[in-house]
1. Just report the Cα centroid separation between region 136-155 and region 46-101, whole Å.
2. Step by step: find N for region 22-132, compute 2.2 N^0.38 Å, then divide the Cα radius of gyration by it. What's the final number?
3. Report the calculated FRET efficiency for residue 89 and residue 31 (r = Cβ-Cβ distance, R0 = 30 Å), to the nearest 0.05.
4. Which order results if 73, 88 are arranged by neighbouring Cβ count within 10 Å, fewest first?
5. Kindly rank 104-111, 137-144 from highest to lowest mean number of other beta carbons found within 10 Å of each residue.
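Since every read-out is calculated from the coordinates, none of them should be taken as a lab result. Predicted, not measured: the structure shown is a model, and the values here were computed from it. All Cβ positions, glycine included, derive from the backbone under ideal geometry; neighbour counts span all protein chains shown.
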């Protein structure tokens, strides 16, 4: 849906001709209609007005130096950490994915995000673009609920009951297989023990006769 602009003169490791400073970034992204955030190892360095609106921040400047994870719902925290790790390991932008986030007013929302390595004031950083998909997620959840519940009573409908019955039968079959495997292993173990005891008794008897 969105793509990061590519700068020939942006250098992450200093190998490029120049680095884009913070003022250039601000001018470039200030009026972008999607939220833009720059952070260094999870510490927010900058974000634009659209990010302030999305996360209900009255003055974005007051959030500079804050933790990125303060805006991530606990449900998505591990996913965000894993994506950042992949980004730093590969150096390639991570694909767009839905994440559950938190606004400054405590309300949660769903956003789709893409992230890329960049340089900010000559230092390695991560820039993130994100946009609100809360309505899309809620609509999908509503449709999924409607497909599985009766429209008048709100109770599970035939489709859900059949799915649950099918899942129950699968679990029962898996349980039968597990019990059969356990029984077979137990039988083999008992037979092996019987053979071992018989051999030991035979050897002891033979030794006694020699004595």
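1. When both Cα centres are located, 30 Å separates them.
2. Against the empirical 2.2 N^0.38 Å value, I get 0.97 for region 22-132.
3. After rounding to 0.05, the efficiency reads 0.35.
4. In order of increasing Cβ crowding within 10 Å: 88, 73.
5. Result, highest mean Cβ count within 10 Å first: 104-111, 137-144.
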